[in-house]
C-alpha cells in the first residue's frame, strides 16, 4: 500500500516538475521575442517570430508526455494547458515587474503595450499547447 502511494506521489511530482519546466521554456522564448530589442540574447531566427511563438509551445507540449511518462491523453492535455496558463502568468509577471518593484511609473501606453503582448502570447501559447499535447499524447500512448 505504501509503495503504491509513493509511486503515485513520484508520478505526480514528476509531472509537476515537467509542467514547470515547460512553462519556463515557453516564457523564456516569448519574453525574448517580445523584448528582442532589449534582451540579453540576440535573436536572429530564420523563421518569422509568429511561427516561433506558436512552435515553441507546440514542441514543448508535444515532448511533455514523453519526458513525464504520461500515459493518458487527457492528463497530457490538462498538463500542457496548465503549463500554458503558468507561462502566460509568468509573462505577465515579467512585463509588470518594473511597475511592481517601483522602478517605473505605470503609464497607459505601457499598460496597453503589455496587454497587447500578453494577448499575442496567449494566442500563440494556448492553441500551440493544445495541438502539441494532443499529438504528443497520441504518439506517447502504447
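The table for this structure:
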read-out	value
Residue count, segment 96-142 (criterion: in a helix (DSSP H, G or I), farther than 30 Å from residue 71 by Cα and free of Cβ contacts under 8 Å to residues at least 40 places away in the same chain)	16
Selection from segment 1-27 of residues that are outside any helix (DSSP H, G or I) and within 24 Å of residue 126 (Cα to Cα)	none
One residue from 100, 93 being more than 13 Å from the chain's Cα centre (by Cα) and at pLDDT 85 or above	93
Qualifying residue in segment 66-73 (condition: closer than 22 Å to residue 16 by Cα, within 22 Å of the chain's Cα centre (by Cα) and free of Cβ contacts under 8 Å to residues at least 24 places away in the same chain)	no
Residues located in segment 68-84, provided they are in a helix (DSSP H, G or I) and surrounded by fewer than 16 Cβ atoms within 10 Å (Cβ to Cβ)	74, 78
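Matching residues to (1) more than 19 Å from residue 140 (Cα to Cα); (2) surrounded by fewer than 20 Cβ atoms within 10 Å (Cβ to Cβ); (3) at pLDDT 85 or above; (4) in contact with a strand residue (DSSP E or B) (Cβ under 6 Å, 6 or more places away or on another chain):
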position: 6; (1), (2), (3), (4): yes, yes, yes, no
position: 32; (1), (2), (3), (4): yes, yes, no, no
position: 35; (1), (2), (3), (4): yes, yes, no, no
position: 43; (1), (2), (3), (4): yes, yes, no, no
position: 53; (1), (2), (3), (4): yes, no, no, no
position: 60; (1), (2), (3), (4): no, no, yes, no
position: 65; (1), (2), (3), (4): no, no, yes, no
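The values are calculated or read from the model by the stated rules, or taken from the named source; none is laboratory data. Just so it is clear, the model here is predicted, and its values are computed rather than measured. All Cβ positions, glycine included, derive from the backbone under ideal geometry; neighbour counts span all protein chains shown.
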